[in-house]
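Bear in mind that the values in this text are calculations on the coordinates, not laboratory data. Quick caveat: nothing in here was measured; it's all calculated off a predicted structure. Please note: Cβ atoms are built from the backbone with ideal geometry, for glycine as well, and neighbour counts cover all protein chains shown.
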Amino acid sequence: MSIRTEKRLFNTPNQIFKAMNPSIELQKQIKDNAEDVRKFVSDLSNWEEEMKRKESTARAAASKESSLPPVRNSSVKQDLNNSKTANPLGDSRSAKKRISSNDYAAWEKFDVEKACEEIDDPSLKKKSESDKDKIIRENQLRDEANEEKEKGNQFVKKEKWDNAIECYSKAIKCFSQDAIFYCNRALCYLKKKDYRAAETDCTSALTLDGSYVKALHRRGLARKELSQLDEALEDLKRAFDLEPNNTAIARDFNSVKMKVDQIRINTILIQEAQRLETEAEVMMDIGSDKNPDPILPAKKHRIPTTTKKDTSSNSITWPTVENSVVIEPVIIPPHKRSKKPLVRVQVQESANIGATTSSFEAVTSATDTSNKTNSQHATKKNLELKTKCEVKSDAPSVIQSGASSSTPPTSKSPYVTSSLPKEVPPIPKNSVQFLGAWRQMNLNKEMCFQYLKKINGQDFPKIFQDSLDGNILSQILSVLATEFVAANEPVLAYLQGLTQVRRFRTLTLFLSQSDKSNMEVLFKHTQNLEKTPTDVLENLKKEYEL
Amino acid sequence: MDKPQIISHIEKSVNYSLFDCRWMPCSAKFVVMGSLPNSSGVIQLYEISGGDLKLIKEFKSDKAFKCGTFGGSKLSSRLLATGDFDGRLHLWDFEKPDSPAYSCKAHKEIINCIDGVGGLSTGCGAPEIVTGSRDGSVKVWDPRQKDKPVAVMEPEEGETKRDCWAVGFGNSYNSEERIVCAGYDNGDIKMFDLKTMSLRWETNIKNGVCCLEFDRRDIKINKLVATTLESKVLVFDMRTQHSKDGFPHLTEKLSNHELGFFPFWTFQAHKSTVWLCRHLPQNREIFMTGGGSGSLCLWKYNYPDKRTKMLDGEEVGVIGNLSLLQNSTLSTQPISGFDWSPDKQGLAVCTSFDQTFRVLIVTKLNLF
């Protein structure tokens with residue numbers, strides 16, 4: 001019915017088709033497309049099954065592999081590592097073999113005669129085979145060497161050094177180009193204390209691998225034991241540079257370094273001691289028969305000695321210090337020496353030493369105490385010498401004097417000053433200069449006053465940074481309270497400057513009663529003299545915890 | 001009427017950013033890889049079975065994966081080569097996913113792109129993997145040689161290092177011949193001949209090169225497709241290399257004088273960056289491009305009547321033209337990865353930055 005109406009409306013079929021076009025065509029297309037997708041999806045599930053089957057067969061066929069071309073740009077040696085890699089010649093032949101039976105174009109080009117020639121050519125074949133054999137043999141040897149190494153490692157774990165060395169030696173015999181074998185054997189030699197062999201092995205390892213840290217470390221240890229300390233230090237330093245986080249290396253490096261430093265100091269000391277000794281021998285009367293020294297060379301004993309005190313003072317040029325007494329060595333034969341026990345000597349600040357020698361009244365008989373910084377035979381020889389050595393080595397914290405009451409020449413020590421500086425020291429730039437000057441002035445109030453006057457109070461924080469201590473603070477305060485007040489000088493700047501010094505708060509906690517009374521004096525003074533406003537003063541008082 | 005359709009068959013959202021996807025050869029499985037929110041890497045292996053997806057394996061790494069390929073591995077082992085944000089190249093064996101079968105620090109910076117050839121799956125010759133990185137270098141690796149690339153292409157000392165965005169193998173029709181093409185962020189395309197170890201051709205196409213692909217890796221170089229920023233798709237006919245410039249002009253946008261040596265065709269599509277291009281494994285004249293707007297375009301290259309003509313006594317290549325078969329917008333975010341199934345014509349998987357991957361069906365491809 002509907003078609004008939006349409007026919008009535010549209011006269012030609014062509015017209016009908018045109019009118020239907022947009023809707024019907026679209027419908028058809030959608031239907032087609034849906035059909036396509038449906039087909040595809042159903043096909044997909046079939047395909048999935050097929051792929052699973054294929055996958056399992058592919059896995060089974062995995063073993064059948066034809067050879068691959070060599071690694072690009074690699075040297076022959078690198079290829080050796082991969083035994084699967086065939087040489088280029090073999091490859092070209094296998095490539096030809098791969099022509100499939102249905103590849104007619106390739107077969108047309110195939111030159112049978114040439115192929116025959118190639119097969120017949122025995123030299124080519126032989127060469128390739130000998131190459132192959134060589135590769136295989138080398139690989140076998142290498143494997144064997146590695147096996148031996150593993151065995152060796154097992155022995156090392158059990159600490160069977162001899163067996164391990166044997167294994168490593170075998171490994172080296174099989175394959176001599178591996179640094180690890182040498183290095184491991186070196187460890188065994190080290191443990192066996194055969195340091196010379198250890199060093200040689202490490203050297204071989206290092207020629208194969210220059211940056212092998214373990215080898216460097218072990219050689220360092222071996223050389224240390226061989227007392228080639230400088231070389232040891234060099235090795236350990238290189239190892240340390242390569243592996244700065246390795247604590248074992250760091251530890252050994254430090255210990256060797258300390259040893260080297262120690263030896264350097266010792267040699268200096270020995271030289272010094274020997275020099276002194278030869279001098280001392282001249283003036284000493286040695287009971288050589290009673291107290292022979294096996295360490296000293298014999299000829300020294302033969303030197304005819306008379307007690308000549310002046311010669312020693314002539315030969316050693318001690319700096320002459322005014323108001324000081326030069327103490328000469330006194331020689332007493334051992335049997336006449338004091339038998340009293342050793343007495344501790346009070347150590348005193350240089351400022352208080354002044355001119356007193358009374359602090360050294362304590363008598364020590366120092367026959368048995370040997371000073372470690374000195375060489376042994378020097379101390380044994382005579383104790384008088386020791387006092388000089390001590391002074392020489394700047395270690396007068398505990399001063400041992402001889403049987404006689406004697407003080408060493410004092411000019412060397414900064415603490416021991418017998419006279420005040422003649423003029424006020426310059427303005428200090430840092431705390432070291434200040435403290436040096438302050439100590440030099442030896443609490444001479446007048447000098448201190450002059451010195452402080454030169455310094456701008458506001459500079460205190462800069463000078464002291466954080467090295468102002470309670471003692472100095474209270475000394476400064478007392479100088480301010482006495483001298484400045486007496487001279488009617490302004491003190492406010494100093495007081496304020498001191499509060500700016502770092503850690504001042506902490507220092508105020510330790511101010512003594514006398515300091516506090518000094519402060520009161522100072523506050524009163526500054527209020528009267530400088531007309532300081534009360535709020536500033538209050539602030540200051542707070543700062544000083546008053 | 002007979003236009004192919006692009007249909008999203010299965011869609012799956014994941015909780016990480018997807019960067020690449022690859023079909024596992026000879027299986028109904030594919031891998032997707034990307035970056036977890038904590039910028040660690042993840043690779044998942046899915047199998048399609050009965051219209052659904054089955055997660056088979058998943059493994060993670062400390063750095064995000066940027067790209068991957070199965071090219072260059074044997075069919076029996078099917079190792080996945082990946083490049084990550086840290087510049088490391090890994091080969092993964094899905095039978096033993098605990099640790100990579102091969103691992104090396106390939107580049108100083110992120111590996112942007114990777115391609116593989118050889119082994120026994122595609123092409124002849126040695127298995128090789130090429131990586132391109134932000135550090136400006138392109139390196140060729142052989143999985144049999146550890147830690148050391150077999151070839152390195154990088155700018156000389158002092159030259160500015162360009163970010164390498166695209167690499168592709170080609171011309172691997174026998175065991176010696178092989179070509180690597182690399183595209184850079186400044187529009188440079190360089191073609192290296194690995195046999196002679198020389199730069200064979202270079203050009204600049206003005207926009208950063210996002211993707212480069214030869215229509216086939218294992219035939220004599222035939223066509224090269226380059227996609228760029230600002231929505232350009234260029235097709236080069238590589239069969240006939242002219243000794244000097246002097247090509248018939250094929251487009252108005254770029255003159256051949258500037259491009260040199262190869263005839264090419266350029267097309268604007270996607271209205272945004274064209275992120276990638278993948279040739280259909282079953283038909284080398286058909287390829288898909290993925291755009292920054294989340295759209296896919298299916299193209300067909302039509303050869304001219306004669307591919308070469310004589311010009312001043314020298315053979316010159318003639319370019320054909322491109323026809324757009326279909327386009328489809330799948331996502332609002334850029335398409336980051338796309339791969340055709342090598343085993344089933346019309347089956348594909350694609351990833352996009354909306355953290356979703358889709359298994360696609362493209363119908364009627366057999367008609368072309």
In terms of modelled amide H atoms, which long-range or inter-chain residues lie less than 5 Å from the amide H of residue B:210?
-> B:227, B:228, B:229
Report, as an integer, the average count of C-beta atoms from other chains found within 10 Å of each Cβ along A:35-44.
-> 5
At R0 = 45 Å, FRET efficiency that the Cβ-Cβ distance of residue B:163 and residue A:227 yields, to 0.05 | 0.15
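How long are the semi-axes of the ellipsoid equivalent to the range A:431-544, from square roots of 5 times the Cα gyration tensor eigenvalues, in whole Å, largest first?
Numbers: eigenvalues 81, 55, 34 Å².
Ellipsoid semi-axes (Å, largest first): 20, 17, 13.
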How many nm is it between the label spots at residue A:465 and residue B:156, if each spot is 7 Å from the Cα in line with the beta carbon?
-> 5.3
Can you list residues whose amide H is under 5 Å from residue B:113's amide H, if they're 5+ apart or on another chain and H is modeled 1.01 Å from N?
-> B:132
Largest-first principal axis extents, alpha carbons of chain B, Å = 62, 55, 34
Cα centroid separation - the range A:468-546 against the range A:239-282, whole Å = 50
How large is the charge dipole for the range A:431-544, taken about the Cα centre, if only the Cβ atoms of Lys, Arg (+1) and Asp, Glu (-1) carry charge, to the nearest 20 debye?
-> 160
Karplus-derived HN-Hα couplings along the range B:152-164 (A = 6.51, B = -1.76, C = 1.60, θ = phi - 60°), whole Hz, x at Gly and Pro = 10, 10, 9, x, 5, 3, x, 6, 6, 8, 9, 5, 8
Cα centroid of the range B:289-368 to Cα centroid of the range A:157-204, whole Å | 64
Quick one: what are the phi-derived ³J(HN,Hα) couplings along the range B:200-213, Karplus 6.51/-1.76/1.60 with θ = phi - 60°, whole Hz, x for glycine and proline?
-> 8, 7, 8, 7, 10, 10, 6, 10, x, 8, 7, 8, 10, 8
Non-local residues with an amide H under 5 Å from the amide H of residue B:276, with H modelled 1.01 Å from N and Pro and chain starts lacking one, are B:290
Which ³J(HN,Hα) values in Hz, rounded to whole numbers, follow from the phi angles of the range B:303-308 under the Karplus curve 6.51 cos²θ - 1.76 cosθ + 1.60, where θ = phi - 60° and Gly and Pro get x?
-> 6, x, 4, 10, 7, 10
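Estimate the FRET efficiency between residue B:196 and residue A:144 by the formula 1/(1 + (r/R0)^6), using the beta-carbon distance for r and 35 Å for R0, to the nearest 0.05.
On the way: r = 41 Å, r/R0 = 1.18.
Using R0 = 35 Å, I get an efficiency of 0.25.
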With only helices counted (DSSP H, runs n ≥ 4, each -39500 (n - 2.57)), the per-residue ellipticity at 222 nm for chain B, to the nearest 500, works out to 0 deg cm²/dmol
